[in-house]
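Working notes, beginning with the structure itself.
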Amino acid sequence: MTMEWDRKRRVLQLLTHIGVPDPKDEIIEMCDRALTHRSYAGWDRSYERLEFLGDRVLNLVVARFFYENPQILTEGRMSRRMEFTKNRHLGAIIPTLAIGFEDPDLILRGRGTPLTTRIIAGAFEALVGALYLRCGMMMTYSLLEKLLGPELEHFDPDTNFKGILQEHLMKQGKGLPDYQEIDVAGPNNDRTFTYRVIVEGRTGRGTGRSKTEAQQMAAENVLNKLGIAR
């Protein structure tokens with residue numbers, strides 16, 4: 001089946017945001033499958049087999065990242081922070097990376113199938129599997145290290161406020177939270193970022209030394225204003 005141009009453009013933009021150099025039709029088509037839920041196309045044309053592979057690849061990538069940064073993590077903390085790859089954390093973090101997962105129509109789903117944290121995480125794992133098959137392990141690690149590095153450096157399973165906020169919204173059948181960059185200050189080597197997120201008429205603001213930290217602070221701020229237990 002020939003992919004429609006609008007769909008091809010959307011997948012191509014995703015791969016460009018991730019940093020895949022000159023994506024060919026072969027990888028675009030496989031990534032389209034990685035972004036297709038079984039409710040849309042049936043099990044045999046869905047992302048599920050790629051998800052199985054990508055889950056293993058992603059765990060290896062994250063473990064290697066922690067191993068290669070011994071200055072920030074002991075063995076116990078590495079094990080604890082491997083929770084990054086769990087669905088509830090991964091599915092909340094990926095849409096905040098501004099690579100395309102913030103678009104609710106990126107993952108093809110059947111009519112009446114809601115977008116959930118589980119589906120987001122599964123599709124991203126499938127995408128990792130597709131990258132591994134088409135780009136090889138070295139390039140996949142390099143792409144994911146650049147994409148996920150800031151998140152991995154700041155991730156703490158006990159204070160993943162972005163995850164808590166997204167879980168709250170999805171339980172109410174609402175869309176993904178929208179984190180907006182409102183200020184960047186300082187020189188390139190010492191920047192401070194300010195983000196905001198608006199939920200149920202309340203605005204959360206956060207400032208940090210990275211986009212990730214600022215987003216987490218904004219999520220925590222709005223959670224406090226909403227009186228949501230963490």
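Key figures for this structure:
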| quantity | calculated |
| --- | --- |
| Members of the stretch 130-145 that are under 18 Å from the mean Cα position of the chain (by Cα) and aliphatic (A, V, I, L, M) | ALA130, LEU131, LEU143, LEU144 |
| Selection from the stretch 6-57 of residues that are acidic (Asp, Glu), closer than 15 Å to ASP105 by Cβ and loosely packed, with under 15 Cβ neighbours inside 10 Å | ASP6 |
| Output for the stretch 117-171, where each listed residue is outside any helix (DSSP H, G or I) and surrounded by 17 or more Cβ atoms within 10 Å (Cβ to Cβ) | PHE155, ASN160 |
| Any chance GLU213 is closer than 30 Å to GLN71 by Cβ, surrounded by 13 or more Cβ atoms within 10 Å (Cβ to Cβ) and either touching a Leu at 6+ places or on another chain (Cβ under 7 Å) or of a type in the set (D, E, K, R) (or both) | yes |
| Residue within the stretch 152-169 that is free of Cβ contacts under 8 Å to residues at least 40 places away in the same chain, among the hydrophobic types (A, V, I, L, M, F, W, C), assigned by TED's automatic domain parsing to the domain that holds GLU220 and on the phi < 0 side of the Ramachandran plot present | yes |
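The values are calculated or read from the model by the stated rules, or taken from the named source; none is laboratory data. The shown structure was predicted, so the numbers you read here are calculated from the model rather than taken from an experiment. We place every Cβ from the backbone using ideal geometry, glycine too, and count neighbours over all the protein chains shown.
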